[in-house]
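> Have a look at this one before I ask anything.
Where a number appears in this text, it was derived from the coordinates with a stated rule and is not lab data. Note that this is a predicted model, so its numbers are computed, not measured. Neighbour counts run over all protein chains shown; Cβ positions are idealised from the backbone, glycine included.
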Amino acid sequence: VAPPQAMEVRVKILFTSLCHTDVYFWEAKGQTPMFPRIFGHEAGGIVESVGEGVTELAPGDHVLPVFTGECKECPHCKSAESNMCDLLRINTDRGVMIGDGKSRFSIDGKPIYHFVGTSTFSEYTVMHVGCVAKINPEAPLDKVCVLSCGISTGLGASINVAKPPKGSTVAIFGLGAVGLAAAEGARIAGASRIIGVDLNASRFEEARKFGCTEFVNPKDHTKPVQQVLAEMTNGGVDRSVECTGNVNAMIQAFECVHDGWGVAVLVGVPHKDAEFKTHPMNFLNERTLKGTFFGNFKPRTDLPNVVEMYMRKELEVEKFITHSVPFSEINKAFDLMAKGEGIRCIIRMEN
Ligand code: NAD
Ligand code: ZN
């Protein structure tokens, strides 16, 4: 692992976890295959060295890598409403550093590509300084590492974007890690009814721990799920958050919100040929549809505050962590994900 160049840092990764995006790109279905490549983007570590021009980070700082960055200078970074940085926004096709177009990993003189600017399945990795959030050194990295992707995405989709009013009713479509975090966000925001919608009934029991109060399995009904939800809630839910990636669920999540005030938020990443179809009357009737990326959190500015929410015990992360393995057994984490078992498996780099 080469030393960090200008505006880069080299980080010793202590804990990392596996997210669906790693599996998806590892399988290389429908995207540009780029191998050999080091995957991994949900992690926690300590800065080992810094390159020229880095002033905000120093060796010893505790950090969370983020797959999408924040340069702090572009129009997006300067806008209070956006986290879609022009310079460091996620790019799954780039396997090199943006500074010089080269990789910092090599084996026998041959380059190994990076993945989403993070490549955390490595004891050391090099990242652009804009993709690294400095956090409270007292926060346990073996826990808060899961905040660097999926959990913050779901949490932010609820608290930053859907913003359910106190006492409101929220539907969460998809009860994977992202959806459970969205349910947790709805609970923190003060929603009183949180309805989990999933085709897999085995997700329901676990989801109670994340604030879900009721469940709907679309398979148990002959009516469209929008109608089932409207009947349960006197006309529709106040907010919905879609965390499935399935376009039909996205349409249902929009059409199930109450007219006059309902807001639906899309989080799932759809199939590349997917098309969203709904009658325009659904908008005229004062329903709002939004989408969000990384829960609208700005990685460097906001992620340290999410860690503080955990430190103040406003957010529980332990319940998302269902497994833990040493780095030598990382393939077990892939097996667990393939079987849909548990939520997050922590991979310990040192033992
Ligand atoms: P997951 O596979 O663990 O969970 C998805 C859940 O949705 C599963 O329980 C599945 O049974 C359920 N589901 C699938 N189709 C459904 C349908 N039609 N109706 C109801 N339930 C359905 O996935 P995850 O890791 O929780 O991620 C969820 C989505 O969020 C993925 O599409 C992922 O790519 C996306 N994501 C988006 C961002 C972002 O920034 N926008 C970030 C991370 C992940
Ligand atoms: Zn920017």
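> Please compute the net charge surrounding Gly99, taking Lys and Arg as +1 and Asp and Glu as -1 over other residues with Cβ under 13 Å from its Cβ.
0
> Under a cut-off of 13 Å between alpha-carbon atoms, report the aspartates and glutamates in cross-link reach of Lys298, not counting same-chain residues fewer than 8 places apart.
Here the aspartates and glutamates satisfying the reach criterion relative to Lys298 are Glu70, Glu73, Glu81, Asp86.
> Comparing Arg89, Arg312, Arg239, which has the greatest mean-square fluctuation in the GNM of the chain with Cα pairs linked when under 10 Å apart?
Arg312
> Now for a different question. With the contact rule set at Cα under 8 Å and sequence spacing of 6 or more, what percent relative contact order holds for segment 154-293?
23 percent
> Pick from Val144, Val317, Val237 the residue whose mean-square fluctuation is largest in a GNM of the chain, springs joining Cα atoms under 10 Å.
For the chain, modelled as a Gaussian network with Cα springs under 10 Å, the answer is Val317.
> Are there trypsin sites (Lys or Arg not before Pro) in segment 135-198 that DSSP marks as loop and that have at most 16 other Cβ atoms within 10 Å, and which are they?
For trypsin sites (Lys or Arg not before Pro) across segment 135-198 that sit outside H, G, I, E and B with at most 16 neighbouring Cβ atoms in 10 Å, the list reads Lys166.
> So what's the gap between the Cα centers of segment 142-189 and segment 276-351, to the nearest angstrom?
Result: 8 Å between the Cα centres.
> Per 0.36 nm of contour for each residue apart, how much would the distance between Asp273 and Met309 grow if the chain were fully extended, relative to their Cα-Cα spacing?
Once the chain is fully extended between Asp273 and Met309, it gains 9.2 nm.
> How large is the Kirkwood hydrodynamic radius of segment 1-125, in angstrom, based on all distinct alpha carbon pairs?
So the Kirkwood estimate lands at 15.2 Å.
> Add -39500 (n - 2.57) for each DSSP H run of 4 or more in the chain, then divide by its residues: what number comes out at 222 nm, to the nearest 500 deg cm²/dmol?
After summing the helix terms and dividing by residue count, I get -6500 deg cm²/dmol.
> Run the quick spin-label model on Thr288 and Ala338: label points 7 Å from Cα toward the beta carbon, then report their separation in nm to one decimal.
Result for the modelled spin labels: 4.3 nm.
> Related question: Using label points projected 7 Å from each Cα along Cα→Cβ, tell me how many nm separate Thr55 and Ser324, to one decimal.
Each label point lies 7 Å from its Cα, and together they span 3.9 nm.
> Quick one: if the Förster radius is 25 Å, what FRET efficiency do Val96 and Arg348 give, using the C-beta to C-beta distance and rounding to 0.05?
E between Val96 and Arg348, to the nearest 0.05, is 0.30.
> Considering only lysines 8 or more places apart in sequence, or on different chains, count the pairs in segment 154-293 whose C-alpha atoms sit under 19 Å apart.
Pairs that pass both the separation and distance tests number 4.
> At 7 Å along the Cα-to-beta-carbon direction for both Asp142 and Phe35, put a label point, then send me their distance in nm to one decimal.
So the label points at Asp142 and Phe35 sit 3.3 nm apart.
> Between the alpha-carbon centers of segment 205-232 and segment 41-101, tell me the distance in whole angstrom.
39 Å
> Okay, moving on. Output the relative contact order of the chain, whole-number percent, from Cα pairs under 8 angstrom with separation of 6+ residues.
18 percent
> For the chain, set up a GNM with springs between Cα atoms under 10 Å and report which of Lys72, Lys272, Lys134 has the largest fluctuation.
Lys272
> Scan segment 194-291 for GluC sites (Glu not before Pro) in coil per DSSP, keeping those whose Cβ has at most 13 other Cβ atoms within 10 Å, and list them by number.
Glu275, Glu286
> In debye, nearest 20: dipole of the chain around its Cα centre with unit charges on the Cβ of K, R (+) and D, E (-)?
For this selection, approximately 200 debye.
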